[in-house]
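Have a look at the structure below, then the notes.
All of the numbers you see were taken from the coordinates with simple rules; none came from a lab. In this text, all values refer to a predicted model and were calculated from it rather than measured experimentally. Cβ atoms come from the backbone with ideal geometry, glycine included; neighbour counts cover every protein chain shown.
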Amino acid sequence: MRKNLFILTTLLSFMLSCTPNQQAVQTTVEPYAEGKPYTRWWWFASEIQNEDIKYQLEWLKENGFGGVEIAWVYPMRGDSTIQHPKWLSEEWAASVNYAKRTADSLGLGCDFTYGTLWPFNAFDLPDKYGTRSYYQKESPEDRTLTWDHPRKARIINHLDKEAFAYYAAQMDKGLKEAYKGSKSGIFVDSWEVETRHLWTSGYGERFKERFGYDIEPLMDKLYQPGYEDVYYDYMTLMSDYVLYDFYQPFTDHAHTQGAFSRSQCGGAPADLLTAFMLVDVPETEAILYEPNYGRIPASAAALAGKDVVTSETFTCLYGWRKWGGKGPHQDEEQIADMRLIADALFANGTNQIIWHGMPYNEKGKGKNDNHFYASVYVGPDAYFKNQLKDFNDYMTKVSQYMRKGQVYSDVALYLPLEDSWMGVEYPDSLQMPWVWGEYELRYVFAPEYLAGYQPLWVNAKVLSDASFCEGVLKYGDLTFSALAIDVEWLDMVALRQVVRLAKEGLPIIMAREPKQPGRNKSPEFAVLYKELMALSNVSSRPTDVLKQKPLLEGENLPDFWCRQDGEELYIFVANPAAKNLKYPLRYGQAFEDQGSERTVVVNTSAGPQSLQLKFRPNESLLLKVDKQGKVDVLDLGFTAKRILN
């Protein structure tokens with residue numbers, strides 16, 4: 001987040017309760033400023049009491065948390081007889097307002113999921129504003145797992161900014177007082193709208209105007225082999241709708257309310273890097289999204305000049321929890337396993353952890369998780385309660401270091417968006433019940449020849465706004481020594497920008513000869529590619545282009561992330577056991593690590609420095625490199641211990 005977004009210029013006074021004799025408390029809360037973990041706070045539909053709110057927030061403060069994200073969900077166990085205030089009613093708002101004021105008084109941040117469950121849905125949403133597929137004439141009214149369960153609701157049409165505006169007006173009536181005080185984030189979770197044959201009014205007309213052919217007769221063949229080029233064109237236009245009728249209005253609207261936007265753009269049928277750049281705080285998720293995915297929102301944040309990259313963390317740690325049952329090893333999670341995930345996230349650019357999560361609990365009644373979806377329970381009687389504060393302090397320390405200065409950048413790496421759209425579906429081996437399409441970009445990694453560098457993903461939009469001057473590629477505050485393109489497909493728009501930058505002198509790796517995606521081919525593509533490859537600063541061999549040495553050199557390098565603060569570097573090097581983590585973790589996976597060593601060379605501005613990295617079991621390292629090239633290993637001060645039944 002740009003620093004001036006969060007600067008509060010006045011002290012804010014709030015009443016802690018409705019009693020007239022309560023002293024006003026002054027507070028200033030800068031969201032995420034301390035790097036302390038937040039937690040998603042699941043409010044199951046029920047009668048919410050102020051004493052319970054205050055009790056839980058005070059407990060969070062004592063245990064090293066920095067704030068909450070309130071998420072409003074269905075009645076516990078789906079029991080529609082449980083008494084609760086009506087959604088967005090004055091009674092509902094009174095509890096929310098009290099929570100916000102109390103959080104402010106304690107110096108805690110307070111964000112809000114922008115709706116009841118996700119994706120955005122509303123009970124009285126007009127049919128014209130509801131989501132639909134090409135084959136649906138009316139929007140289905142079938143969302144029942146909401147705060148007012150089993151009352152039915154419609155999911156909004158995320159391709160229509162008028163639908164979002166209607167929805168936002170309803171939400172703001174309930175949150176208008178809660179927006180006051182410290183700056184709050186409004187949050188939208190990962191895209192959970194059906195994407196197959198997604199459609200909106202006017203889509204066919206806009207498509208024909210843009211691509212020169214009628215897509216409607218081809219909609220029944222959209223996902224069949226041989227029609228990848230049509231699907232690519234469909235996704236190209238779909239992306240524009242998602243970006244500029246949903247994510248951009250979502251962020252713009254947050255600002256009108258004195259709030260900021262936070263979003264998991266994962267799963268959206270869109271140019272994901274641009275989507276993450278449009279929101280104020282881009283968010284990844286682990287481990288339903290594996291940690292490598294976090295480099296996409298982290299790259300977006302760096303490119304857009306934003307300081308904070310959040311992650312919904314520890315979700316379904318050991319596997320999926322089905323409705324009505326317990327997940328694998330639920331209520332016996334090991335902090336050491338969670339640290340593996342956190343460290344993998346830090347090494348891919350995350351610098352703010354959001355626990356998933358804590359249910360609303362009544363004071364003195366024990367944990368309220370009989371039907372708690374999150375599967376990693378945060379609360380006074382959590383299985384890992386004896387290590388929780390120390391673990392939070394550890395994550396806070398790493399987060400603080402990973403905010404210093406700005407992201408270190410050396411090589412720009414082209415994100416294979418076109419490959420994903422031309423690929424259409426993942427093979428069966430990579431699909432999950434909630435994952436089918438390559439557009440999600442879940443399994444993208446930097447090529448091996450960039451090991452030791454810290455590549456940031458870029459796309460056609462970034463290249464079009466970038467310039468080559470003083471021997472480097474410049475975009476915002478970032479500079480890159482070279483551009484690497486290792487894709488099967490490359491859009492004409494991108495190729496034109498690549499040729500422009502190459503002619504200006506940018507060193508470029510063209511690892512493969514790409515093809516032009518989409519149905520409309522142009523002879524210009526081959527001409528441009530030939531022109532590009534004739535330039536002396538362009539080569540298919542990385543060694544011809546990469547004149548700048550990698551930040552780290554060595555065999556079998558661990559994942560790492562680097563920040564540059566003036567003339568100093570801070571490099572978080574994750575334990576090798578945290579590399580390429582896969583969902584789900586094995587129970588006690590962290591304890592399989594017996595410790596390891598890596599001999600590396602740190603290429604500093606003062607010259608190469610050889611270093612022996614010694615990783616104790618279940619520990620990662622933080623390196624500080626000063627302007628003289630001296631490398632120190634900083635003490636992170638935490639080792640997770642095995643928790644025994």
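What to note about this one:
- Neighbourhood charge, 13 Å Cβ-Cβ cut-off, centred on residue 387 and excluding it, Lys, Arg +1 and Asp, Glu -1: +1
- Based on the reciprocal of the average 1/r between different C-alpha atoms, the Kirkwood radius for the range 552-634 equals 13.6 Å.
- Sparsely packed chymotrypsin sites (Phe, Trp or Tyr not before Pro) within the range 251-331, loop by DSSP, other Cβ within 10 Å at most 14: 323
- Of the GluC sites (Glu not before Pro) found in the range 507-607, those in coil by DSSP whose Cβ has at most 13 other Cβ atoms within 10 Å are 555, 567.
- Amide proton proximity set for residue 357, modelled H, under 5 Å, gap of 5+: 376, 378
- MRE, 222 nm, helices only [DSSP H, n ≥ 4, -39500 (n - 2.57), over the chain, to nearest 500]: -8000 deg cm²/dmol
- Each 10 Å bin from zero holds the following percent of Cα-Cα pairs in the chain: 3, 15, 26, 27, 19, 9, 2, 0.
- Debye intensity ratio in log₁₀ form over the Cα atoms of the range 91-167, taken at each q of 0.17, 0.21, 0.23 Å⁻¹: -0.73, -0.92, -1.02
- Residue-by-residue Karplus 3J(HN,Hα) for the range 590-602, coefficients 6.51, -1.76, 1.60, Hz, glycine and proline x: 4, 7, 6, 6, 9, x, 7, 9, 9, 8, 10, 10, 9
- Environment charge at residue 314 (Cβ cut-off 12 Å; Lys +1, Arg +1, Asp -1, Glu -1): -2
- Kirkwood analysis of the range 407-545, using all unique Cα-Cα pairs, places the hydrodynamic radius at 15.8 Å.
- Binned Cα-Cα distances of the range 317-452, short to long, each 5 Å bin given as a whole percent: 2, 8, 13, 14, 15, 16, 14, 11, 6, 2, 1, 0
- By the count of neighbouring beta-carbon atoms within 10 Å, fewest first, 145, 273, 501 end up ordered 145, 501, 273.
- If you take all other residues with their beta carbon under 9 Å from the beta carbon of residue 102, and give Lys and Arg +1 and Asp and Glu -1, the sum is +1.
- Across the chain, the mean sequence separation of Cα contacts (distance under 8 Å, 6 or more residues apart), normalised by length, yields a relative contact order of 13 percent.
- Reciprocal of mean inverse Cα separation for the range 465-506 (Kirkwood radius, Å): 10.9 Å
- Within the straight-line cut-off of under 18 Å between alpha carbons, the aspartates and glutamates reachable from residue 582 are 285, 290, 312, 333, 337, 343, 428, 438, 440, 559, 592, 593, sequence neighbours fewer than 8 places apart in one chain being disregarded.
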